[in-house]
Structure formats: C-alpha cells, structure tokens
Amino acid sequence: MRLLLVEDDPMLGAAIERGLRIGGYTIDWAETGEAARAAARAQAYDAILLDIGLPDGSGIDVLRDLRAARDLTPVIIITASGRLDRKVEGLDAGADDYVVKPFDLDELLARIRANIRRHEFRPSDLLSVGEVTLDLSARLVRKGDEQTNVTAKEFRVLSALLRRAGQFISKGELESALYDDASDVESNTIEVTIYALRKKLGAGFIVTARGLGYMVPK
C-alpha cells in the first residue's frame, strides 16, 4: 500500500517515513502543501498523513482542496496542536482522523489500518444490484421505484455488501465496517442487521455460506 506523508520537519519526517516503511508501506514524502497537491493529482494513495503547519500555508487548505476535487482518500492529520478548535476545524474540513504529536508509532499504524479498512467499505457513487439501488450522497435505498427505509447500521452493511457484490464478506469484515473497535460489537449485531435487510429487500437478496460470510449475488 502507498501512503503520502506531508511533513516539513526533516528529522521528524525521516523518522515517520522509516517507521512506515518498516510497517510495510510504500511512502511518498512531500514537504510543502503544493508538493502534496501535485502528488495527490499524480498518484492514488491508500491514505494521506497531513501536517497542518506547512511552510507555504495550512494543511487544512490542502485538505479542503482535496475534498473539493472529490478526492476521498483517507486523511489523517498529524500535528503538534491538540487544541479542540483545531481538531474540530480539521474534522469539519474532511479529515478522517486526527493524531497529536508526539505519537506512538504503533498507534499511528493502527489508525492507518483502521482508516484504510473503513475506506474500503465507502462507496463513492450509486450502487445497484437488481432492483436495489443505494445512493450514498442522499443516504437513500430504493427497491424498484419505492424508497426503502433502513437504519444507519443497515445502510452501512448494505453499502459494504453492494460495494463488493459477487464476493463473500466475512462477519468480521462487516463488523469492522460498522465500528472502529470490533471488540465492542454485540455478538449478534450482523445477524440481526442481515435479517432486517432480508425482510426489506427480499429473502434471497443476501446469501450466506458457512465459513465464508455474506454476499449479494450480482
């Protein structure tokens, strides 16, 4: 997996880059906001680690430009500022996570994995299988011409299944799509959600295979 590190401090940047490479990632390192914008235009990344204080402006502006260009790459802000208003500003601008320096490398790697995992289940357009259509921007589900009311959990599970229609998704993967920490998930959450979706969309819309998980057939 390839990450973009945006950090202007040479020593800190080198340390982070070394740790991420040891963690198994390919790293591109940009030291300015303009270099970060150029890299994001030229290359698709699995995640971006973005410092706020850059020599040519704020990393928040870089983030806003990415989101304005409909770049949905997970962005983790890494900054020395732990002020609440800065965190709120970053998250409102479209950041997926916020890590305050100094941080533990193992925690950063865990946050990278969690954000990449969630992004895999984030559809970026309309998803349709048969009569069922999911509209992410409007957060609507339709069966044929009729709108189907679903809960937030049902919407996220259905999004994951439609995103990977024709492939089995394990229960654990679906739990990870719902929660940052799967250990907090009640044991029957996925089963209850799948049961509810079948009632609303049809008993055969989601199939189950022991040892493989759940799938929406194409």
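Bear in mind that the values in this text are calculations on the coordinates, not laboratory data. Quick caveat, the model's predicted, so the values are computed rather than measured. Heads up, the Cβs are rebuilt from the backbone with ideal geometry, glycines too, and the neighbour counts pull from every protein chain shown.
List of remarks:
- Cα-based helix-to-principal-axis angle, 189-201 vs the chain, degrees rounded to 10: 60
- A full extension of the chain between Arg83 and Asp56 corresponds to an added length of 7.6 nm, given 0.36 nm per residue minus the alpha carbon distance.
- Between the residues Gly213, Thr32, Ile77, the greatest Cα displacement towards the positive end of the dipole of the chain, with unit charges on the Cβ of Lys, Arg, Asp and Glu, is found for Gly213.
- Arranged from fewest to most other beta-carbon atoms within 10 Å of their beta carbon, Asp71, Asp96 become Asp71, Asp96.
- Inter-label distance for Leu91 and Ala138, nm, one decimal - labels placed 7 Å from Cα along Cα-to-Cβ: 2.9
- The antiparallel fraction among DSSP beta bridges confined to segment 2-120 stands at about 10%.
- Think of each Lys and Arg Cβ as +1 and each Asp and Glu Cβ as -1; about the Cα centre, that makes the dipole of segment 127-215 roughly 300 debye.
- Note on the chain: with charges restricted to the Cβ of Lys and Arg (+1) and Asp and Glu (-1), its dipole about the Cα centre is near 1080 debye.
- Ranking of Leu109, Leu20 by count of other Cβ atoms within 10 Å, fewest first: Leu109, Leu20
- Most fluctuating residue given options Leu134, Leu84, Leu108, as computed from a GNM of the chain linking Cα atoms under 10 Å: Leu84
- Helix-derived mean residue ellipticity, 222 nm - over the chain, DSSP H n ≥ 4, -39500 (n - 2.57), to 500: -13000 deg cm²/dmol
- DSSP-assigned coil residues among trypsin sites (Lys or Arg not before Pro) in segment 130-161, each with at most 13 further Cβ atoms within 10 Å: Arg139
- Contact order normalised by residue count of the chain, Cα under 8 Å, 6+ apart, percent: 13
- Spacing of the modelled spin labels on Ala42 and Leu212, each 7 Å from Cα toward Cβ, amounts to 4.3 nm.
- GNM flexibility winner over the chain from Ala160, Ala68, Ala114 (Cα, springs under 10 Å): Ala68
- A straight Cα-to-Cα reach below 18 Å connects Lys143 with the aspartates and glutamates Asp125, Glu131, Asp135, Glu154, residues fewer than 8 places away in its own chain not being considered.
- In sequence order, calculated HN-Hα J values of segment 204-214 (Karplus, 6.51, -1.76, 1.60; Hz; x Gly/Pro): x, 5, 10, 9, 10, 9, 4, x, 10, x, 10
- Dipole orientation for the chain: of the candidates Ile16, Thr148, Leu54, Thr148 has the Cα lying most toward the positive pole (charges on Cβ; Lys, Arg +1; Asp, Glu -1).
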